[in-house]
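These notes concern the structure reproduced below.
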Amino acid sequence: MNNIIKKIVLIVDDDDLVRTQLSKELKRNFFNILQANTGNKALEVFQNNKVDIALLDIRLQDYDGLELLKSFKSIKPECEVIVITGYGTQDIAIQSLRYGAIDYIEKPIIDDELSAAIGRALERLTKREELSYKNTLLIVDDEDDITKRLLKFFSKENFEVFCANSGKAALEII
């Protein structure tokens, strides 16, 4: 279990009970949890931590949740955001999705709906991680000129390129 990298979930809700319940549920599923009870605190936590998934209440006392959603996506577009609200309308749901949320859940939160939303977020994160591996290249050659030309070519093709001039150096990179 120590080799598994736990995903980090930020729970943003001004209701202590909601945050506590969501935290307990997600900890059972082996997530690391961060919490914020205000929009300003959420921004601070979000900017200072690697957040994989955010559960974001749309109505906070100090911040408009849709504006916070836009801020999250502009800071870290790779973060998956699930909007939660007790004041749901079709318009808010549509706006949330347009601003980059992966899902929208109305309160009271049903465990199956939460699990499905988290599952979709994890699936998207996994696909993104797989793609990042596909775009990584290791070039091993003892001739610097060839290595430099290949590095230049593949870098233009949006590959992340690593170069080594020996098998030993290549193994160290790996």
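The values are calculated or read from the model by the stated rules, or taken from the named source; none is laboratory data. What you see is a predicted model; the values in this text were computed from it and never measured. Cβ placement follows ideal geometry from the backbone for every residue including glycine, while neighbour counts extend to all protein chains displayed. When the accessible area is computed, the model is the full protein with side chains, heavy atoms only, and any ligands, DNA or RNA have been set aside. Shrake-Rupley method; radii C 1.70, N 1.55, O 1.52, S 1.80 Å.
The single residue among 38, 85, 89 that is open to solvent by 30 Å² or more (accessible area, probe 1.4 Å) and farther than 20 Å from residue 8 by Cβ turns out to be 89.
Yes/no matrix, rows are residues, columns are (1) of a type in the set (A, V, I, L, M, F, W, C); (2) outside any helix (DSSP H, G or I); (3) open to solvent by 40 Å² or more (accessible area, probe 1.4 Å); (4) touching a helix residue (DSSP H, G or I) at 6+ places or on another chain (Cβ under 8 Å):
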{"residue": "14", "(1), (2), (3), (4)": "no, yes, yes, no"}
{"residue": "24", "(1), (2), (3), (4)": "no, no, yes, no"}
{"residue": "33", "(1), (2), (3), (4)": "yes, yes, no, yes"}
{"residue": "55", "(1), (2), (3), (4)": "yes, yes, no, yes"}
{"residue": "77", "(1), (2), (3), (4)": "no, yes, yes, no"}
{"residue": "81", "(1), (2), (3), (4)": "yes, yes, no, yes"}
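Number of residues in the stretch 148-165 that are open to solvent by less than 100 Å² (accessible area, probe 1.4 Å), of a type in the set (S, T, N, Q) and at pLDDT below 90: the value is 1.
Of all the criteria given as (1) of a type outside the set (D, E, K, R); (2) more than 18 Å from residue 9 (Cα to Cα); (3) in a loop (DSSP other than H, G, I, E, B), the one not satisfied by residue 100 is (2).
From the list 105, 109, 139, the lone residue that is part of a loop (DSSP other than H, G, I, E, B), of a type in the set (A, V, I, L, M) and open to solvent by less than 50 Å² (accessible area, probe 1.4 Å) is 109. Residue count for the stretch 98-144 under the criterion of being under 25 Å from residue 67 (Cα atoms) and touching a Phe, Trp or Tyr at 6+ places or on another chain (Cβ under 6 Å): the result is 0.
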